[in-house]
Amino acid sequence: MSVLRSRPVLRWLVPATAAVAVIGGGAAIGTFAAEAEPSLPPRTAAQLLVDLQTSRLEGLSGTVVQRADLGLPPLVGLVPGNELTTLLTGTHTLRVWYSGPDQQRVALMDTLGEQDIIRNGRDLWTWQSRSNTATHRTLGGDAGARKPAPEPAASLPATPQQAADLALDAIDPSTEVSVGRSATVAGRDAYELVLQPRDQASLVHQLRIAIDAEQHVPLRFEVLAKGSDRPAFEVAFTQVDYRRPDADQFRFNPPPGVTVNEEKAERPTGRPGHVEPTGDPQVRAVGDGWTTVLVGRLDEADVGRKPAAKPAAPPAGAGPDLDMSKLLGGLPAVSGDWGSGRLLTSKLFSVLLTDDGRVLAGAVTPERLYQAARG
């Protein structure tokens, strides 16, 4: 299973962190428990990249821990309840199973209950234990060629493999590639590949990918922000087994009383829940590589000028009602020759919401956003 795909890192970093931004502060975390550094034969960065390209994985199962400490400002009371805040911040445990591109399963175990996404051939099932509801979709005929990996947690990578897939396309002249210290992850010896942006306007200091020394599979993925030696985001196996899982793991057996929704069959457009920024005609990219800035527009109701009337009841599956006027009012006001607006900053990204209805976001300094806003 090759981990090189044509998806730049900002395609997951910006949309995912921007989604977290409107939800509220993250919990402070520590890094995964360190183990003794193993003694491994030396390998260059180029050799590790070849290992990733040529790795072939027939089967895998394991436990993955995902942690986030984005350093968001406190935006208390913007979202009713705490379900989304709990889902997108702090620490989460997932179980994963892989048996080729047509059989995959991810189960998010959390205080909210269990959420499963199961891919079995052309059948794609999602299930939530809390509401005991399931959705079934039949994928298009070319689904097997796309290798979509399910992600239950709001487009954040569910495994180190997915995170590495989305990051490695950033390797170009704007990226310094090196070998870090060897490590032991989930009981496996691993090399560490380090990607570091050369552009000082990027808020990303380093991406670190721990690669299984024998299987050449990513076991841990870390994102470090500038000025910090602790990961702002990390996802890592705590237990891994490279045997092919039993076929029963990919059969969805509806529990008693479940409500099943059938969705219309369609061709897959990418990973479930993933937003492709360049596919939206209302969103344009300014710059490239690590310092890409996404520029879009908000409706007048969204920016608080004239809130739209609330429906009598939210549609099925809709998220909590977000009060944008409170969100904007809780952010610091900024202005310049580009105009005026509100600024949200965190360790890994910045978001500028201008008074004329634009939204600019990127893993960049506020100054780079202001520069893009002048254009």
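Laboratory data are not the source of any read-out in this text; all were calculated from the coordinates shown. Bear in mind that the values here come from a model prediction, so they are computed numbers and not experimental data. No Cβ is skipped: glycine too gets one built from the backbone with ideal geometry, and neighbour counts run over all protein chains shown.
Annotations
- Neighbour net charge for Ile209 - beta-carbon separation under 10 angstrom, K R +1, D E -1: 0
- Neighbour net charge for Gln249 - beta-carbon separation under 15 angstrom, K R +1, D E -1: -2
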